[in-house]
4 protein chains.
Amino acid sequence: MSVESVVQFRVRYSETDQMGTYSNSSALDWFECGRTEFFRQTGTSYAEMEDRGVLLPVIESYIKYGGRAKYDDLLEMTTTGRLVGKARIRCDVRIVHAGASKPVAEGYTIHAFVNPAGKPIRAPKWFIEAMDAVLR
Amino acid sequence: MSVESVVQFRVRYSETDQMGTYSNSSALDWFECGRTEFFRQTGTSYAEMEDRGVLLPVIESYIKYGGRAKYDDLLEMTTTGRLVGKARIRCDVRIVHAGASKPVAEGYTIHAFVNPAGKPIRAPKWFIEAMDAVLR
Amino acid sequence: MSVESVVQFRVRYSETDQMGTYSNSSALDWFECGRTEFFRQTGTSYAEMEDRGVLLPVIESYIKYGGRAKYDDLLEMTTTGRLVGKARIRCDVRIVHAGASKPVAEGYTIHAFVNPAGKPIRAPKWFIEAMDAVLR
Amino acid sequence: MSVESVVQFRVRYSETDQMGTYSNSSALDWFECGRTEFFRQTGTSYAEMEDRGVLLPVIESYIKYGGRAKYDDLLEMTTTGRLVGKARIRCDVRIVHAGASKPVAEGYTIHAFVNPAGKPIRAPKWFIEAMDAVLR
């Protein structure tokens, strides 16, 4: 069970570093933007999830950096989410130059479902159903 | 009435951009670090101020960028704070290379005193007294 | 003589801070994104300008922070550029919630024209002509 | 063969997000600061390495996020580096609250040795010798 979302964006000038390509930490910010669009696609945006008391802090991240991407390059990011057990979600991300196939960066983040106090909770029923609905 | 604080720090790699010097927005992050040490020096850290329900969002910022600063350069930042009226604080900041006098960046931020709900408030008495005490 | 560009974007999660709104330095990153689209509109993207040996470091920035903007809020940024003398360009920026008029942030950046070695130069003729052409 | 470096630093306000703790991408910026001090300890700073034509782009990163860390918390980061084969270096990083043992974040980055044109090269002899010297 997984849901996929695709977004395009350009490398910001502030995201470059003196190597002339994007700074390695920018990839995690981009992954976060990918998740934002991924959750919107399930019918409940992540902003609404937090309003409902469901937070998804990152508990693990992995990135494999591939080809270079420079300022103003147009990139395409594909985010695929799936539940892992009852209390985790894993988002796999792949970033390429728009129209190309060689990965600029690919990796994943794993998230726990927690309440506003930071206590682990199970994935809410409405979220599981929303994921199901998108798949059908 | 003003209180002065001096800190040294190094330019991070992630703060550079493809021009080979620090990204212009980094200066505002540095100013924020300068304020953190400035407030600590008054006896009440900014973290404690927020715990007490006093927040200081930036309402205005100005920066004049001077000489270049590169990755790993050791910089020295001087922050001077003073109350402006009863509900504002202004922090003047000057960043130079350690041991040098030519400014890398100089400017100021102006802050409103607000409560956790974002409502403007007056500078608390304990804060005004703390500023006074440091000056004596 | 000025050229105007409008873009929409959403506040990133990483751009928020513990006040629950966008971090003050993010505004300078956004201004930079606004300039990118502004220059693209003149017919020569800023990436191409740098390839041609024309760099535009920020030498001054001013921001007045207005209403709050939260994670995932859709913002609209208008960037207006104009030459100041023969060796400076000034970009005025205004950010509002899409469809609203109250400014979230407004301000300007001033840029020097420099060559790759950092030496001040005059605005190139092709750039001035491109600005003119967009205005006609 | 490994070299260890320890640094202390405070969480910046701009590094927090609306969850009230540090933004997940900040960990990669911190790892980068840890490497800076790690390389300085080998006798050749990373800035000098780049001046000598040896660059170390990140090709892989992994982070496991542990306990929360808030604005102004004093953290301690331990970076351990070791050569992996002849053309890679791996840096293992562990971040805890100063004086505590529970990890705030731990993980690693793997780096390729490349020349300024981005071509993979072998770890230079002077670097290998510097690593050896620190160990003795």
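Since every read-out is calculated from the coordinates, none of them should be taken as a lab result. What you see is a predicted model; the values in this text were computed from it and never measured. Because the Cβ atoms are built from the backbone with ideal geometry, glycine has one as well, and the counts that use them run over all protein chains shown.
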Distances in nm from A:Gly66 to the matching label points in the other copies, shortest first (labels 7 Å along Cα to Cβ) | 3.4, 4.2, 4.6
So what is the relative contact order for the stretch B:3-135, in percent, with contacts set as C-alpha pairs under 8 Å and at least six apart?
-> 30
Can you give me the Cα centroid spacing of the stretch A:98-133 and the stretch C:75-90 in angstrom?
-> 40
Tell me what the protein assembly as shown gives for mean residue ellipticity at 222 nm when only DSSP H runs of n ≥ 4 count, each as -39,500 (n - 2.57), the sum divided by the residue total, rounded to 500 deg cm²/dmol.
-> -7500 deg cm²/dmol
Kindly give the distances from B:Val84 to its copy-mates, label point to label point, with each label point 7 Å from Cα along Cα→Cβ, as nm values to one decimal ordered shortest first.
-> 1.9, 4.9, 5.1
Take every residue in peptide C:65-72, count the Cβ atoms of other chains within 10 Å of its Cβ, and give the average of those counts.
-> 4
Output row for B:Arg52: copy-to-copy label distances, label 7 Å along Cα→C-beta, ascending, in nanometres, one decimal, is 4.1, 5.2, 5.6
How much space per residue, in cubic angstrom, does the convex hull of the C-alpha atoms of the stretch B:3-135 take up?
-> 109
Which Cβ of chain B lies nearest the axis of the rotation superposing B onto D, and at what whole-Å distance?
-> B:Phe9, 5
What is the list of residues in the stretch B:38-56 whose amide nitrogen lies under 19 Å from a point 7 angstrom out from the Cα of B:Arg122, following Cα to Cβ?
-> B:53-56
Karplus-derived HN-Hα couplings along the stretch B:72-86 (A = 6.51, B = -1.76, C = 1.60, θ = phi - 60°), whole Hz, x at Gly and Pro | 6, 4, 8, 10, 10, 10, 10, 10, 10, x, 8, 5, 10, x, 9
Quick one: putting +1 on the C-beta of Lys and Arg, -1 on the C-beta of Asp and Glu, what dipole do you get for chain C around its Cα centre, in Debye to the nearest 20?
-> 420
Estimated inter-spin distance, C:Ala87 and D:Thr78, nm [label 7 Å along Cα→Cβ] | 5.4
What's the average, rounded to a whole number, of partner chain beta-carbon atoms within 10 Å of each residue's beta-carbon in A:50-59?
-> 3
Which whole-Hz ³J(HN,Hα) couplings does the stretch A:9-17 yield from phi under the Karplus relation 6.51 cos²θ - 1.76 cosθ + 1.60, θ = phi - 60°, glycine and proline marked x?
-> 7, 10, 5, 6, 4, 5, 8, 7, 10
Degrees, to the nearest 10: C:125-135 long Cα axis against longest axis of chain C | 50
Straight-line reach check, D:Lys125, cutoff 28 Å on alpha carbons, 8 or more apart in-chain or any other chain, hits among lysines -> A:Lys64, B:Lys70, D:Lys86
If R0 = 22 Å, then B:Ser45 and D:Glu4, at their Cβ-Cβ distance, give a FRET efficiency to the nearest 0.05 of 0.10
Neighbouring partner chain Cβ atoms per residue of A:42-48, average, 10 Å criterion = 2
Find the all-direction average of the projected area of the Cα convex hull for the protein assembly as shown, expressing the result in square nanometres with one decimal place.
-> 26.9
When the Kirkwood radius is taken over all Cα pairs of the stretch B:1-70, what Stokes-Einstein diffusion coefficient follows at 37 °C and 0.692 mPa s, in µm²/s?
-> 235
